[in-house]
Protein chains: 2
Amino acid sequence: MKLGDGVEAAIHCCAVLASLEDGATMPGAALAETHGLSPSYLLKHLNALTTAKVLESLSGPLGGYRLARAPERITLLDIVLAVEGPEPAYRCAEIRRGGPNPLPASAYVKPCGINVAMLKAEKAYRAALAEVRLSDIVADFLEEADPRSIARSCAFVERHQRMQKSVSKQG
Amino acid sequence: MKLGDGVEAAIHCCAVLASLEDGATMPGAALAETHGLSPSYLLKHLNALTTAKVLESLSGPLGGYRLARAPERITLLDIVLAVEGPEPAYRCAEIRRGGPNPLPASAYVKPCGINVAMLKAEKAYRAALAEVRLSDIVADFLEEADPRSIARSCAFVERHQRMQKSVSKQG
């Protein structure tokens, strides 16, 4: 089982954006720089987060990305699904129907029990991801991380955030 | 997030092998045929299951695969880990260390909180998989599946299982 590496980048970017002042944005290039990632690589994932309405993207000289809603209302599940898509990890190809002496479709009205069991486990995974809010991630970081790491992160936000002229719907 | 399609094949094969008579084996080619899969494709996954000691492989004219222990003692987690390997789905690349003004390693003694949260969710997934025994899968199939599907499966096992001369440690 594997999550795409975009998930790590996406969660870290959302955590940075959760630290901006109200209404401020940060350009994609700055988000890429702060994590040592290529801007074009990151753009794909920022776009996915924007499409999923986890982020919003503002154009113009003060443009960039910001959270589309308060970090208390964004969960790890929102971010993972935005980047990875809604499909379950286990994708039943109905191999139970394969092989010799095939049966008509009417023999397979009930879902395959193996698929049911695998989807139940995925439900537990998603429930655990849905329990963690972006605000929890940021609070844990501020409480647990090394002070040098916190200071570095704060300095980066200070330097790269773009304040808007009028504070908008953020929060 | 994606599981390899080998997982579906592996669980179905284990379920078939759970239906053999005590000590009997089934050749890989028959397991492939029953699911309409290519034998060379399936071999890779049967090998992984054998390496993980979920299956055992017997050579010789009566050879083939059989479960290495009773189906009550094999879980979906055993099978998934055998095929997919032990690595977690979320693989932290420590991108928190990337970017300008790098800090010394001593600033990152504690694990990244994002990694901790993602691994906690994976633990919930694995716990859910570990709760389902192969014997549950087989019992559910016999209880829930269409009678035609059960009959087809039983006929296939009957035709392809290889009885051993002396019943061995199975069970």
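The values are calculated or read from the model by the stated rules, or taken from the named source; none is laboratory data. The model shown is predicted, which means the values in this text are computed figures rather than measured ones. Note: ideal-geometry Cβ built from the backbone for every residue, glycine included; neighbour counts use all protein chains shown. SASA here: full protein model, heavy atoms, side chains in, ligands and nucleic acids out. Shrake-Rupley method; radii C 1.70, N 1.55, O 1.52, S 1.80 Å.
Using a Gaussian network model of chain A whose springs link C-alpha atoms within less than 10 Å, name the residue from A:Ala151, A:Ala48, A:Ala68 with the highest mean-square fluctuation.
Highest fluctuation of the listed residues: A:Ala151.
List the residues of the stretch A:42-89 whose accessible area drops by at least 50 Å² when all protein chains are present, compared with their chain alone, using a 1.4 Å probe and counting only protein heavy atoms.
Buried on complex formation: A:Ala89.
Tell me the carbon and sulfur percent of the accessible area for the stretch A:36-157, rounded to whole percent, probe radius 1.4 Å.
C and S atoms contribute 61 percent here.
Between chains A and B, what is the buried accessible area summed over both chains (1.4 Å probe, protein heavy atoms, nearest 100 Å²)?
It comes to approximately 4900 Å² buried between A and B.
Distances from A:Asn101 to the same position in the other copies: list them in nm, one decimal, shortest first, using label points 7 Å from Cα along Cα→Cβ.
Counterpart label points of A:Asn101 in the remaining copies fall at 7.2 nm.
Closest to the B-onto-A rotation axis, which residue of chain B has its Cβ, and how many Å off the axis is it?
Residue with the nearest Cβ, plus whole-Å distance, for chain B: B:Tyr125, 2.
Starting from the amide H of B:Thr75, placed 1.01 Å from N in the peptide plane, find each other amide H under 5 Å away whose residue is 5 or more places distant or on another chain.
Residues meeting the amide H criterion: B:Leu134.
Report the calculated FRET efficiency for A:Ala70 and B:Asp136 (r = Cβ-Cβ distance, R0 = 35 Å), to the nearest 0.05.
My answer for the efficiency is 0.25.
Quote the relative contact order of the stretch B:34-94 in percent (integer), defining contacts as alpha-carbon pairs under 8 Å separated by 6+ residues.
Worked out over the stretch B:34-94, it gives 28 percent.
Quickly rank B:133-145, B:15-27 as a protection proxy: mean count of other C-beta atoms within 10 Å, highest first.
Ranking the peptides B:133-145, B:15-27 by packing returns B:15-27, B:133-145.
Can you compute the charge dipole magnitude of the stretch B:1-64 about its Cα centre, using +1 on each Lys and Arg Cβ and -1 on each Asp and Glu Cβ, nothing else charged? Give it in debye, rounded to the nearest 20.
The calculation lands at about 260 debye.
Quick one: if the Förster radius is 45 Å, what FRET efficiency do A:Asp146 and B:Ala127 give, using the C-beta to C-beta distance and rounding to 0.05?
Rounded to the nearest 0.05, the efficiency is 0.90.
At 1.4 Å probe radius, can you tell me the per residue accessible area of the stretch B:46-170 in Å²?
Per residue, the stretch B:46-170 has 53 Å² of solvent-accessible surface.
Quick one: grab the alpha carbon gyration tensor of the stretch A:19-78, order the square roots of its eigenvalues as a ≥ b ≥ c, and give me rounded if a/c is under 1.5, else prolate or oblate depending on whether a/b is larger than b/c.
Oblate.
Expressed as a rounded percentage, what relative contact order does the stretch B:1-149 have, with Cα pairs under 8 Å and six or more residues apart?
Relative contact order, the stretch B:1-149: 28 percent.
Filter chain A for me: DSSP H helices, axial length by Cα at least 24 angstrom, mean Kyte-Doolittle hydropathy not below -0.5. List them by residue number.
The answer, listed by residue number, is A:113-130.
Tell me, how many Å apart are the Cα centres for the stretch B:92-171 and for the stretch A:9-31?
For the stretch B:92-171 versus the stretch A:9-31, the Cα centre distance is 35 Å.
Test of understanding: what is the full-extension gain from A:Lys2 to A:Ser40, defined as 0.36 nm times their sequence separation minus their Cα-Cα distance?
That works out to 11.5 nm of additional length.
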